[in-house]
Each structure stands twice: as C-alpha cells, then as structure tokens.
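Visitor: A single structure is presented below for examination.
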Amino acid sequence: MAQDIVMVVGLGNPGSDYENTRHNAGALFVEALARDAGQALRLEKKYNGLYARIQWHGLELHLLNPLTFMNRSGLSVKALADFFKISSEQILIAHDELDLPPGTAKLKKGGGHGGHNGLRDSIAHLGTNNFQRLRLGIGHPGEARQVTGYVLGRLGKQEAEALNAVFDETMRVLPDAANGNMAAAMNRLHGFNANA
C-alpha cells in the first residue's frame, strides 16, 4: 500500500547560534525521529541539508533538515522531492507555531504560511501549499515586535521537556497519519497537551 507521507522535513536554522531555539522546533522533531529509528542525519550536499532514509514502524521515510536557513528552506525541500519524485501531498513539514501553546501540536493539510518564512519559501519552491504540516506549539510572546527575539530565543527547561513530550506523542500517531488514517492521528494528537 502506498504511504500518504513519505518525506518528513524539519524547518530550522543551521549552526550553533540557533541550536535549541524555538524556531528550530521542526528540525528538533526530525532529529528525534531519526534517533528513534536508530539513525543519524548526515550532510547531503545535493539536497542542501541533513538527510536520512529510515525504516520505522513499517514505514520508509525520507528525513530532511534543510541547511539553507529558514527563508530558503524551499530550495532544499524541492531538491529532495524532485530527486525521489515525491509529490507535495506526500510531504510533512514540521515547524514552530506561534498560534499554539507550548506542549501542543496539530496536523494540518494546506493553508497559508501565516508569516512563517520557512513555509513561505517551501510553498514558493513547491509551487503549491498542498502539503501536510506538523504545527509544533511554541506560544506567543504577546506583542508582535517581540516575536523575532522570542522565536530565536533558546527553549527553557520546561519548554524543552514539553516539546519532547509532544515529539513522543507525534511519533505515536505518525504511523497512522502516514498510512492514510489522518483522522485518527489528528484526534489523538489534537487532544494532547504536555502541560495539562
């Protein structure tokens, strides 16, 4: 049976300056997924990113963390998708989400970029917004002018623990989502709150 999701992308910025920042939540998720599969992401220049191909819970998945900086993420996403002839509908892009509280996550298909530069560039390069998203809640600082400093700030201990709990829960529902049972995956994940 064909998988509904064959490629998982984690959005983030490369380099030690951005390690464990809220904006790198997506990249941190893909690292966690690779670890769970007993694999490591390795530099793959032709995709401008860190890449691994994993066998995990009966799935074969291409994992990618672009190394192009957030606002050029689409270059890397398109390079990998084109190489393996993966359609946009089969791509899940994990990213940080200001509009969701920390400790929560939501799966979504399509929609706008909501001001997220990584999503904006991915939509531009893929020529469509018709891909799956994993929206990882990081909360909002309260004022628009504080957003940049907030998303580029490092995760606090409790935030990191909550995010890791969200990663674990997402990994529990990902096989359902990847195998076409998105409704079940959404129902379970959307009811989860690591801080509850």
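The values are calculated or read from the model by the stated rules, or taken from the named source; none is laboratory data. Since this is a predicted model, take the numbers as computed values, not measurements. Virtual Cβ from ideal backbone geometry, glycine too; neighbours counted across all protein chains shown. Surface areas here come from the heavy atoms of the whole protein model, side chains and all, with no ligands, DNA or RNA. Shrake-Rupley method; radii C 1.70, N 1.55, O 1.52, S 1.80 Å.
Visitor: Test each condition in (1) in contact with a Gly (Cβ under 9 Å, 6 or more places away or on another chain); (2) touching a residue at least 40 places away in the same chain (Cβ under 8 Å); (3) in a loop (DSSP other than H, G, I, E, B) for L100 and report the one that comes out false.
Guide: (2)
Visitor: Right, next: R135 versus (1) under 14 Å from L11 (Cα atoms); (2) more than 14 Å from the chain's Cα centre (by Cα); (3) outside any helix (DSSP H, G or I); (4) charged (D, E, K, R): which is the lone unmet condition?
Guide: Here R135 clears every test but (2).
Visitor: Follow-up. Only one residue in A105, A81, A34, A52 is open to solvent by less than 10 Å² (accessible area, probe 1.4 Å) and in contact with a Gly (Cβ under 7 Å, 6 or more places away or on another chain). Which one? Outline the logic, then answer.
Guide: Numbers: A81 fails: in contact with a Gly (Cβ under 7 Å, 6 or more places away or on another chain); A34 fails: in contact with a Gly (Cβ under 7 Å, 6 or more places away or on another chain); A52 fails: in contact with a Gly (Cβ under 7 Å, 6 or more places away or on another chain).
Only one candidate passes the filter, namely A105.
Visitor: So, of the residues in the stretch 139-186 that are of a type in the set (S, T, N, Q) and surrounded by 13 or more Cβ atoms within 10 Å (Cβ to Cβ), which turns out to be farthest from Q55 (Cα to Cα)?
Guide: Step by step, filter the stretch 139-186, then rank; the result is N164.
Visitor: Okay, moving on. For N117, which of the numbered conditions (1) farther than 27 Å from Q55 by Cα; (2) open to solvent by less than 60 Å² (accessible area, probe 1.4 Å); (3) touching a helix residue (DSSP H, G or I) at 6+ places or on another chain (Cβ under 8 Å) fails to hold?
Guide: Tallying (1) farther than 27 Å from Q55 by Cα; (2) open to solvent by less than 60 Å² (accessible area, probe 1.4 Å); (3) touching a helix residue (DSSP H, G or I) at 6+ places or on another chain (Cβ under 8 Å), N117 fails exactly one: (2).
Visitor: From the set of residues in the stretch 33-91 that are part of a loop (DSSP other than H, G, I, E, B) and among the polar types (S, T, N, Q), which is nearest to R133 (Cα to Cα)?
Guide: Going through the qualifying residues, I end up with S87.
Visitor: Collect the residues in the stretch 1-32 that are among the aliphatic types (A, V, I, L, M) and in a loop (DSSP other than H, G, I, E, B), keeping them in residue-number order.
Guide: Correct list: M1, A2, I5, V6, L11.
Visitor: Output the residues belonging to the stretch 55-65 that are within 17 Å of N179 (Cβ to Cβ) and either open to solvent by less than 30 Å² (accessible area, probe 1.4 Å) or among the aromatic types (F, W, Y) (or both).
Guide: Scanning the stretch 55-65 gives W56, L59, L61, H62.
Visitor: Does R145 satisfy the condition of being outside any loop (DSSP other than H, G, I, E, B) and more than 19 Å from the chain's Cα centre (by Cα)? Walk me through how you get there before you give the answer.
Guide: Working: outside any loop (DSSP other than H, G, I, E, B): yes; more than 19 Å from the chain's Cα centre (by Cα): yes.
Yes: the conditions hold for R145.
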